[in-house]
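Written out below as structure tokens is the structure these notes cover.
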Amino acid sequence: MAPPFMCSLLFPLFLAVLSIASGYTPISDDTLKSLPVANDDFNIETGSLLSPLLITRVPGTGGQVEAQNHIASFFQENLPEWSVSWHNTTDTTPLTEDEEIPFQNIIVRRDPPWAAEGDVGRLTLVAHYDSKVEPEGFIGAIDSAAPCAMLMHVARSLEEGLKHMWAEMEENGEAGDPFTEVKGVQILFLDGEEAWETWTRTDSLYGARSLAEYWDTTPHAAMSAYRNPLNSISLFVLLDLLGTANPRIPSYFQNTHWAYKKYASMESRLRNLHLLTSKPASGTFLPDKDKKASDFSRGFVEDDHVPFMRRGVPVLHLIPTPFPSVWHTLEDDGEHLDIDTVKDWAQITLGFAAEWMDLEGHMPTTKGRRADRVQVERGADEPKTKTEL
Ligand SMILES: [Zn+2]
């Protein structure tokens, strides 16, 4: 038996380890049944979230500005607690020669109100809002107007739970506790994902390349928990080419397969509760939950995650393979979306994010109460491995 002074030293340490390692509560069925659904907001003619984005959104044009105004004003008017900041850069493209084209990433964040910027680990949900120059008139509904609208719905639906949870933590004296993991959420609406002529390392990912480099070279204050904003990304979830029926999303990366399994499990829970409306032919959007470690290859789809992944950020890439048949054609418009699939992606992502943020017991439920909290241990994350082209 350890002498008393040992106990007094070890006990707080034990509690600290426990509170960082566990404290995770699965979302209950009641909470899932009560998640807000964005039915009319995804209407392609009149929907408040989606329809304003179903325009051409080429960087340097009025359509880009309209899309920016839609996203920024949505947060300023509906979610004033979420900070909106801009990362602006310019670059030349092979098509526009010497002309400097503006690329403007929109970064939207919700951190615990007491937390210093460098101490917050953020679930990072990502989609690009620009559209391709050609073919002329290209809308890019799945690429990526619909994913942007999905993320706006997710943000709006998380807000009440976050507010409640953080107010309770402040009341309980947990705010600022150095041993409690500080979690926030951010959404990156990236610009300049598309190539202007042909996809190359320099003609693509204009916004993502610039932002990843900027964050990598912008250190947080000394003694921060995370050394820079890139290091603060606990998981980079990239949604792309989502919104047509029967998507098949592989698990691309072994180091984030644990997160893929959580997404897949959220999808199957929602389907079993009859809370999703699409009817994929295979029964699921995410068929790879049982993929074995030996089945992962080094191949992946180039997209906005690449500049982040090359710098060590863990990435969950939600993009179908094969690509939808409308990809990069004029048929990628509102009329060719499968709105049931759009809504279902929004709900799966919302359930995943609510569970990640540990909002069980804080989300509003239809029964007018908040669900009971049951503590279970968080599963161990798989070790990180670097994936190359
Ligand atoms: Zn594209």
Positions within the range 330-365 being in a helix (DSSP H, G or I) and of a type in the set (Val, Ile, Thr), in sequence order: ILE339, THR341, VAL342, ILE348, THR349
So for the range 254-262 (the condition being closer than 14 Å to GLN347 by Cα, in a helix (DSSP H, G or I) and touching a helix residue (DSSP H, G or I) at 6+ places or on another chain (Cβ under 9 Å)), does at least one residue qualify? yes
Single residue of VAL65, VAL58, VAL126 found to be closer than 30 Å to GLU174 by Cα and either modelled with pLDDT of 95 or more or among the aliphatic types (A, V, I, L, M) (or both): VAL126
Of the residues in the range 328-346, those that are over 17 Å from THR284 (Cβ atoms) and touching a residue at least 12 places away in the same chain (Cβ under 8 Å) come to HIS328, THR329, LEU330, ASP332, ASP333, GLY334, GLU335, HIS336, LEU337, ILE339
Going through the range 178-200 one residue at a time, which ones are at pLDDT 95 or above, more than 16 Å from the ligand (Cβ to nearest atom) and either outside any strand (DSSP E or B) or open to solvent by less than 10 Å² (accessible area, probe 1.4 Å) (or both)? GLY184, VAL185, GLN186, ILE187, LEU188
Could you tell me whether ILE339 is away from the ligand (no atom under 16 Å from the Cβ), within 19 Å of LEU53 (Cβ to Cβ) and crowded, with 18+ Cβ neighbours inside 10 Å? yes
Can you name the residue in the range 36-55 that is open to solvent by less than 10 Å² (accessible area, probe 1.4 Å) and at pLDDT 95 or above and is also nearest to HIS328 (Cα to Cα) among such residues? LEU53
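The values are calculated or read from the model by the stated rules, or taken from the named source; none is laboratory data. It should be emphasised that the depicted structure is a prediction, and the values quoted were computed from it without experimental measurement. Please note: Cβ atoms are built from the backbone with ideal geometry, for glycine as well, and neighbour counts cover all protein chains shown. To get the accessible areas, we keep the full protein, side chains included, count just its heavy atoms, and leave off ligands, DNA and RNA. Shrake-Rupley method; radii C 1.70, N 1.55, O 1.52, S 1.80 Å.
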